Amino acid sequence: MRLRNWIAVVVGVVLLAAAGTIGFLVNRSALRAADEVHMADSRALAVNNGTLVGRLQLLSAGELGDFLTGNTLHLGRDNATDRATLRAFAAKSSTFGYGALLVTLDGQVLTSSRATGVPAADNAGWKPLFTMLTSGERAGFSSIMVVDGTYLEAVGVPVVVGGAPAAVLVGLNNVATTDLQQYTVTLSSEVHQTAVVDSTGTIAATNRVRELGTQIDPAIRRALAAQLTGGFVEYTTVAGTQMVAITVGGLPGGWSYVRTQTKKSFDGAVHTKSQTLNMTMGAMLLIGVLAMFLLGWRTQMQRRRADERFQALFQHAPDLVSVLGANGDIEYSSPSAAAVLGYDEGVLVGTSVFALVHPDDQQRMRDQFGRLLTNRDELLRLQCRVRSAAGEYRWFEFTASNQMHNQALHGIVINARDISENRAFQERLAHEAQHDALTGLPNRRRMQDALGSSLREQPVAVLFVDLDGFKPVNDAYGHEAGDELLRQVAARLSACVREWDVLARVGGDEFVILMPGVLGPADSDAMTARIRDAIAHPFVVGGAQVRIGASVGVHLAAGATDPDEALRAADHAMYAVKHARSYPQARAGRHRAAD
């Protein structure tokens, strides 16, 4: 009997030891798998943020390219016109408010919007910029340069003349105030540091502002030199703190994205939970084999449900994934909400999704959500604006499916993708479709829409303006000079009109001014006088003074008049004025065409 008891004890101990060993091995495997998932998510987030940083860099270069497209530069040394153009560009630019330069291909300054505060030509920071341009890149990016205590980045694009680069247009960023720095600050966290470094390892943007302009840790610089993309670097600081960094290199200008935090915070709750689980299993092992089996069964079920939840959530998720309850409250929000909208992980849980949607989109969102709840197999796609943590609204494309019947989810699953840039591009195309590309004024189509809309409510004075002597200037000085003359004319006419008037370019050298609410000739006569006086002053085109005139035809259209008829009447009046100027003897006995 005693032997049988000892055998039972031994068997029990063996089973207990076996169960304990198996339990600890299973936990170790789960910890390794969790670490791999955590590292993969962290790497994907870093690569995504690095890609966004690269796009911000390229967008800044695109602003310089747009400036070159819309402006003519003389490229003379200390050219006054170029300086004025550069100053106007810097004053309007949200990116290069610090200043703009024209430099030669070897880095010598031709013209600058600033008298001082410009990096010297021998500054080593210029090298990456000119290296990129020399290699045929469309844009170049410098390293960080320090001038009078200000950290600057230079972005340059070639100025092409006759099919070959003749100079370089350079925009200067004060890195402490750039969009890149502001975006990085939105990633602020007490746990990790986000930094963008240049090719020399100097921090150009960071969520810890006090470290702007300092050098990144040498261990990270060595990893960047090895061109690691999405690579992990473990190192120890001088103070003995173990750190983990994720590096993403290969950005424009040799820049890189770096995210660092302590190894303890990186391992975080995963390892803490693992230790707790080990202690729990040890305690359960003391109770007995049965408890161990029950705990193993429960752990297995939890892992299976977690896997099902993961697969259901992320199978079709393009960017941000959320699970909503039947009342629209957010029950789960993926970690990507921090990168996409700026909300810390878990903050959105319990918040109504309708509270995040733009007020103009809320009713449509509620209607679509209600329809989705009533149809089990419904798949909903829509676009709406969502408020970020910074308070701005961004456009998202939603794909929602009803998973209320799924036991692992029991909710509405939403996959969302940020399409703000695409929407902005579409709006810009819509603007360009209704505006003249040369002068920026409304085109004929936009003017006709405005005329039709105004005539439905009130009378409108229609002034048809045709330039006298424009063709000789265009023939003598060329089309570029003609285009510059038209831009100057547009600027002078813009200064003549009232705030609520509409000025449009409707043809080569033809403009139309709409004056809503004008009943009598007094206002239109005054406008006509202002136009003629503004055009009569000489213009400077191609370095030469030219003079032109303007023939102005006026038609006072009553409310409800056909818009095309009103425009034709103003056109005929203009030709009458032009004819009268060409044949003065024919003016006697004619009605005043500008009435």
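Where a number appears in this text, it was derived from the coordinates with a stated rule and is not lab data. Since this is a predicted model, take the numbers as computed values, not measurements. Please note: Cβ atoms are built from the backbone with ideal geometry, for glycine as well, and neighbour counts cover all protein chains shown.
Going from the fewest other Cβ atoms within 10 Å to the most, the residues Asp66, Asp35, Asp509 appear in the order Asp66, Asp35, Asp509. Farthest towards the positive end of the charge dipole of the chain, among the residues Val340, Ile7, Ala18, is the Cα of Ile7, using unit charges on the Cβ of Lys, Arg, Asp and Glu.
Normalising the Debye intensity of segment 316-424 to I(0), with uniform scatterers on Cα atoms only, and taking log10 at q = 0.16, 0.22 Å⁻¹ returns -0.66, -1.32.
The 3J(HN,Hα) values that the Karplus relation (6.51, -1.76, 1.60; θ = phi - 60°) gives for segment 170-187 are, in residue order, 10, x, 9, 9, 7, 4, 6, 10, 6, 4, 5, 5, 5, 5, 5, 5, 5, 8 Hz. Gly and Pro appear as x. Couplings 3J(HN,Hα) for segment 532-537, derived from phi with the Karplus relation 6.51 cos²θ - 1.76 cosθ + 1.60 (θ = phi - 60°), are 4, 5, 5, 6, 5, 5 Hz, where x marks Gly and Pro. Taking every alpha-carbon pair under 8 Å whose residues sit at least 6 apart, the chain reaches a relative contact order of 8 percent.
If exposed means no more than 14 neighbouring beta carbons inside 10 Å and the site is in a DSSP loop, what's the longest run of the chain without any exposed trypsin sites (Lys or Arg not before Pro)?
Answer - 139-375.
Scanning residues 5 or more positions from Ala167 or on other chains, those with amide H under 5 Å from its amide H are Val159, with H placed 1.01 Å from N in the peptide plane.
May I ask for the distance between the Cα centers of segment 76-93 and segment 366-417, given as a whole number of Å? What the calculation gives is 49 Å, centre to centre. For the chain, the longest principal axis of the Cα atoms and the long axis of helix 444-455 meet at an angle of about 80 degrees. For the chain, the dipole from Cβ point charges (+1 on Lys and Arg, -1 on Asp and Glu) about the Cα centre works out to 1540 debye, to the nearest 20. With contacts taken as Cα pairs under 8 Å at a separation of at least 6 residues, segment 135-238 carries a relative contact order of 16 percent.
Residues in segment 21-35 carry Karplus couplings, in order, of 4, 4, x, 5, 5, 4, 5, 5, 5, 5, 5, 5, 5, 5, 4 Hz; the curve used is 6.51 cos²θ - 1.76 cosθ + 1.60 with θ = phi - 60°, and Gly or Pro positions show x.
Put simply, the amide H of His74, placed in the peptide plane, has neighbours under 5 Å in Asp82, leaving out anything fewer than 5 places away on its chain. Only lysine pairs 8 or more places apart, or on different chains, with alpha-carbon atoms under 29 angstrom apart are counted in the chain, and they number 4.
The charge dipole of segment 380-496, taken about its Cα centre with unit charges on the Cβ atoms of Lys, Arg (+1), Asp and Glu (-1) only, comes to about 620 debye.
Over its Cα atoms, what ratio of radius of gyration to 2.2 N^0.38 Å does the chain give?
1.38
Ordering His405, His271 by the number of other Cβ atoms within 10 Å of each residue's own Cβ, fewest first, gives His405, His271. Fewest neighbouring Cβ atoms within 10 Å first, the residues Phe354, Phe369 line up as Phe354, Phe369. The relative contact order of segment 434-587 comes to 33 percent, based on Cα pairs under 8 Å that sit 6 or more residues apart.
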